[in-house]
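Peer 1: This is the structure I have questions about; it appears just below.
The values are calculated or read from the model by the stated rules, or taken from the named source; none is laboratory data. It should be emphasised that the depicted structure is a prediction, and the values quoted were computed from it without experimental measurement. For neighbour counting, all protein chains shown are included, and Cβ atoms are generated from backbone atoms with ideal geometry for every residue, glycine included.
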Amino acid sequence: MKIGIFGGSFDPVHLGHIMTARSVSKELGLDKLFMVVAANPPHKDNTGRLPGCMRYRMLDAAVKNEELIFPSDVELKREGKSYTVDTVTFYKNQYRGAEIFLIVGGDMLENFPLWREPKLILEKAKLAAVTRPDASRDMRAIADDIEKRFGGKVLLSEFTGPEISSTEIRNRMKDAIPVDTMVAKPTELYMYENALYMPPELIEIRNSLSARLRRKRLNHTMMTVCEAIKLAYHYGVDTRKARLAALLHDCVKLPNKELLDFCTNNHQEISDEEKANPYLIHARLGAIFASEEFGVKDEEVLQAIRYHTIGHVGMSMLDKIVYVADKIECTRDYEGVDDIRRMAYNDINRAMLLAMKHSADYTVASGKTINPYTESVMSYLENEIKNTTEV
């Protein structure tokens, strides 16, 4: 057998890692490749590193459907510093008689002589270095020098891989910039579900919401955050405002009776329409709660929260983005949602109108009357579409 070992912090794992694993597996003819999550790499500053269990879960989800690639937590189970020689020895013992390949990056190859027991590593495994074109470094010369000093075999992979870094992904998550082109979908969803790499104040809000919202509602909230950021980025709208509004859009999403009781206890007036449809209350209460409980004073953000359920005439682009993101986030599954998703990134007005018509049709099918205000918002959107088309 041919067994590959590809270690890394994977904080988080990204498409570059997975593409490297696939390509090197094919190039070397591997039977299995283990992506090993590093615990405390001795050559790196581990300050602020995500806990190993979370990095492992992201990796496990990302390679779930891969045939030859498997996640490994062998180093996470090992106490103290994590040394490659121990990992190589582990797999050499696990697969006796197998040919072991240790996959490393070009920068790691240069530092290889400084690793613990490099000679022993090369006695147990062949090195396979994935390098990038760099006129300033002669990688073949570096490989030859390692072979001369320590023996063994050092191979240079022909695969170069995309320019993706975990650092950039962490920065994008912090700055509310989409990462969907850089990580596998399961990784993206895990990061948003757990508010990973986000600013502390947003993590605090998310944790507060987790104490008051049901798990399914909290997950919907975080997926709405993910979608709102992507829509805002696409349309050139402030992504941080979109993130905050989406995060708080359902902060008072309570059962109908609790919503009515909340209004009574807090001296909030209730319209006849809201008495008949109490779920409508949560949007305007959410704006109040976001301001008073979480200190949000940005009126654009509060307005997006306030109108994310019924909309309003003269909506801003931010309002529309939060409204549509709420309707199309990835856990939504209803007839027609895919049409709205496809339209969302082409024409936000048409996407919103489709979503409102779907809600209106559902209302009629349920034997209820469409809110006149909803009809006025739909007419407003139709005029917006008409005006845009004429221009």
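Peer 1: Return yes or no: is residue 337 assigned by TED's automatic domain parsing to the domain that holds residue 208, at pLDDT 95 or above, on the phi < 0 side of the Ramachandran plot and of a type outside the set (Phe, Trp, Tyr)?
Peer 2: Considered against the rule, which asks whether it is assigned by TED's automatic domain parsing to the domain that holds residue 208, at pLDDT 95 or above, on the phi < 0 side of the Ramachandran plot and of a type outside the set (Phe, Trp, Tyr), residue 337 comes out as yes.
Peer 1: Still on this model: Quick one: would you say residue 252 is under 22 Å from residue 50 (Cα atoms), of a type outside the set (Phe, Trp, Tyr) and either assigned by TED's automatic domain parsing to the domain that holds residue 316 or in contact with a helix residue (DSSP H, G or I) (Cβ under 9 Å, 6 or more places away or on another chain) (or both)?
Peer 2: Judged against the criteria, residue 252 is not a match.
Here is a yes/no grid of residues against (1) in the same structural domain as residue 250 (by TED's automatic domain parsing); (2) under 23 Å from residue 251 (Cα atoms); (3) surrounded by 20 or more Cβ atoms within 10 Å (Cβ to Cβ):
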{"position": "175", "(1), (2), (3)": "yes, yes, no"}
{"position": "181", "(1), (2), (3)": "yes, no, no"}
{"position": "184", "(1), (2), (3)": "yes, no, yes"}
{"position": "193", "(1), (2), (3)": "yes, yes, no"}
{"position": "198", "(1), (2), (3)": "yes, yes, yes"}
{"position": "201", "(1), (2), (3)": "yes, yes, no"}
{"position": "204", "(1), (2), (3)": "yes, yes, no"}
{"position": "208", "(1), (2), (3)": "yes, yes, no"}
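Peer 1: If you check every pair at least six apart or on different chains, which have Cβ atoms under 8 Å apart with a residue in region 250-270 that is farther than 20 Å from residue 294 by Cα first and a residue that is among the aromatic types (Phe, Trp, Tyr) and surrounded by 13 or more Cβ atoms within 10 Å (Cβ to Cβ) second?
Peer 2: Listed by first residue and then by second, the contacts come to 256/279.
Peer 1: Can you pull out the residues in region 336-355 that are of a type in the set (A, V, I, L, M) and touching a residue at least 40 places away in the same chain (Cβ under 8 Å)?
Peer 2: Across region 336-355, the qualifying residues are 344, 348, 352.
Peer 1: List the number of the failed condition for residue 281; all other conditions in (1) touching an Asp or Glu at 6+ places or on another chain (Cβ under 6 Å); (2) in contact (Cβ under 8 Å) with a residue 60 or more places away in the chain hold.
Peer 2: (2)
Peer 1: Related question: Considering only region 249-294, state which residues are outside any helix (DSSP H, G or I) and under 26 Å from the mean Cα position of the chain (by Cα).
Peer 2: If the condition is that a residue be outside any helix (DSSP H, G or I) and under 26 Å from the mean Cα position of the chain (by Cα), then 249, 250, 251, 252, 253, 294 are the ones that fit.
Peer 1: Just give me the residues in region 173-187 being part of a loop (DSSP other than H, G, I, E, B) and either modelled with pLDDT under 95 or under 13 Å from residue 226 (Cβ atoms) (or both), in sequence order.
Peer 2: Matches in region 173-187: 176, 177, 178, 179, 180, 183.
Peer 1: Also, quick follow-up: Between 131, 87, which is at pLDDT below 95, of a type in the set (Val, Ile, Thr) and either surrounded by 15 or more Cβ atoms within 10 Å (Cβ to Cβ) or within 20 Å of residue 38 (Cβ to Cβ) (or both)?
Peer 2: The unique qualifying residue is 131.
Peer 1: Just give me the residues in region 290-320 being at pLDDT 90 or above and either of a type in the set (A, V, I, L, M, F, W, C) or not assigned by TED's automatic domain parsing to the domain that holds residue 225 (or both), in sequence order.
Peer 2: 290, 294, 296, 301, 302, 304, 305, 313, 315, 317, 318
Peer 1: For region 223-240, which positions are touching a Leu at 6+ places or on another chain (Cβ under 8 Å), crowded, with 21+ Cβ neighbours inside 10 Å and not β-branched (Val, Ile, Thr)?
Peer 2: 223, 226, 232
Peer 1: While we're looking at this one, here's another question. Could you look through region 4-17, keep only residues that are buried (at least 20 other Cβ atoms within 10 Å of the Cβ) and aliphatic (A, V, I, L, M), and pick out the one that is farthest from residue 158 (Cα to Cα)?
Peer 2: 13
Peer 1: Among the helices (runs of 4 or more DSSP H) contained in region 93-172, which hold 1 or more residues that are in the same structural domain as residue 14 (by TED's automatic domain parsing) and over 30 Å from residue 183 (Cβ atoms)?
Peer 2: 118-124, 139-150
Peer 1: Now a separate question. How many of the residues in region 314-331 are basic (Lys, Arg) and in contact (Cβ under 8 Å) with a residue 40 or more places away in the chain?
Peer 2: Count: 0.
Peer 1: Of these, 167, 160, which one is surrounded by fewer than 16 Cβ atoms within 10 Å (Cβ to Cβ) and closer than 30 Å to residue 242 by Cα?
Peer 2: 167
Peer 1: With respect to residue 268, is the statement that it is over 18 Å from residue 377 (Cβ atoms) and among the polar types (S, T, N, Q) true?
Peer 2: yes
Peer 1: Go through region 169-194 and give me each residue that's among the β-branched types (Val, Ile, Thr) and under 17 Å from residue 17 (Cβ atoms).
Peer 2: 169, 179, 181, 183, 187
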